[in-house]
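Below: the structure, in structure tokens.
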Amino acid sequence: MRVKICGITKLDQGIAIARLGAQALGFICVPASPRYVSPETIRFIVEQLPENVDRIGVFANTTIENICQVTVESNLSGVQLHGDETPEYCDRLRELLPGIEIIKALRVKTPETLETAAIYAVRVDTLLLDAYHPHQLGGTGKTIDWMMLAEFRPQCPWLLAGGLTPDNILNAIDSAIGNNFNGVDLSSGVEIAPGDKDLTKVAQLFANLSQLAHH
Ligand SMILES: O=C(O)c1ccccc1N[C@@H]1O[C@H](COP(=O)(O)O)[C@@H](O)[C@H]1O
């Protein structure tokens, strides 16, 4: 199971979370977010991470030029599109960033949102499902109604996000397991404050996930 921990802002926390078992770390490149980190800070952190850890920049409704520039400057291995990016936008990014993982986040408001997944699934590497919030794009701590996911079978790997915590992770995964379910993404559920990760909660998360292997 792929585990991505998002909203990393501090080097020591990034290294500790990678050691605890995260395969991917996320860096918020959305200036309005309290978890925003500059390309210089991201680069400083990623240069000191183990090479096998994915380094994902999270963007929302920005220009393709900005994403390309930050990807190079920060040495990212992937980009997460968390806004209203169109399928054509994803195609263009794919052309300009060969070899970089493209993750399209869908903020799930109703079951109809899940129908749009098919359009993106053939254009991006990974889909990510997050909860819809009327005023915030992400990091909201809101959960998706997991019952909606029973029939979700996209053509590409997908990650579950939105309000996941060490306490609800096993129930969430239970609802999500199906075709191409690839892992989970957590941010505010393992934090002391926005951008300040709680290593005790991250350790608890991995302890709880280890129970999956025993079933
Ligand atoms: O975390 C943010 O501040 C953020 C800002 C803008 C877009 C996305 C953001 N975070 C992403 O939101 C999801 C879910 O977060 P949570 O677990 O509910 O707190 C996650 O993928 C973050 O990458």
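The values are calculated or read from the model by the stated rules, or taken from the named source; none is laboratory data. Bear in mind the structure is a predicted one, so any value in this text is a computation, not a measurement. Positions of Cβ are backbone-derived with ideal geometry, glycine not excepted, and every protein chain shown enters the neighbour counts.
All of (1) more than 17 Å from V30 (Cβ to Cβ); (2) in a strand (DSSP E or B) hold for L106 with one exception: (1).
The residues listed here are V184, V122; of these, the one that is of a type outside the set (F, W, Y) and more than 15 Å from the ligand (Cβ to nearest atom) is V122. Within segment 173-208, being of a type outside the set (V, I, T), at pLDDT 95 or above, touching a Leu at 6+ places or on another chain (Cβ under 8 Å) and part of a helix (DSSP H, G or I) holds for G189, L199, A203, L205, F206, N208.
Scanning segment 122-136 for residues that are in a loop (DSSP other than H, G, I, E, B), modelled with pLDDT of 90 or more and not charged (D, E, K, R), we see that the one that is surrounded by the most Cβ atoms within 10 Å (Cβ to Cβ) is V124. For the criterion of being under 19 Å from K104 (Cα atoms), of a type outside the set (D, E) and in contact with a Gly (Cβ under 9 Å, 6 or more places away or on another chain), L205 fails. Pairs meeting the criteria (first residue in segment 134-154 and touching a residue at least 40 places away in the same chain (Cβ under 8 Å), second residue away from the ligand (no atom under 14 Å from the Cβ), beta carbons under 8 Å, at least 6 apart or on different chains) are M148/P111; M148/L114. In the set (1) within 12 Å of the ligand (Cβ to nearest atom); (2) without any contact (Cβ under 8 Å) to a residue 24 or more places away in the chain; (3) not small (G, A, S), the condition left unmet by T116 is number (1).
For the criterion of being within 19 Å of F206 (Cα to Cα) and within 14 Å of the ligand (Cβ to nearest atom), A18 fails.
Condition check: more than 15 Å from the chain's Cα centre (by Cα), within 14 Å of the ligand (Cβ to nearest atom) and either among the acidic types (D, E) or part of a loop (DSSP other than H, G, I, E, B) (or both). Does P154 satisfy that?
It is false that P154 is more than 15 Å from the chain's Cα centre (by Cα), within 14 Å of the ligand (Cβ to nearest atom) and either among the acidic types (D, E) or part of a loop (DSSP other than H, G, I, E, B) (or both).
Does T200 satisfy being within 9 Å of the ligand (Cβ to nearest atom), within 17 Å of G21 (Cα to Cα) and surrounded by fewer than 20 Cβ atoms within 10 Å (Cβ to Cβ)?
So T200 does not fit the description; no.
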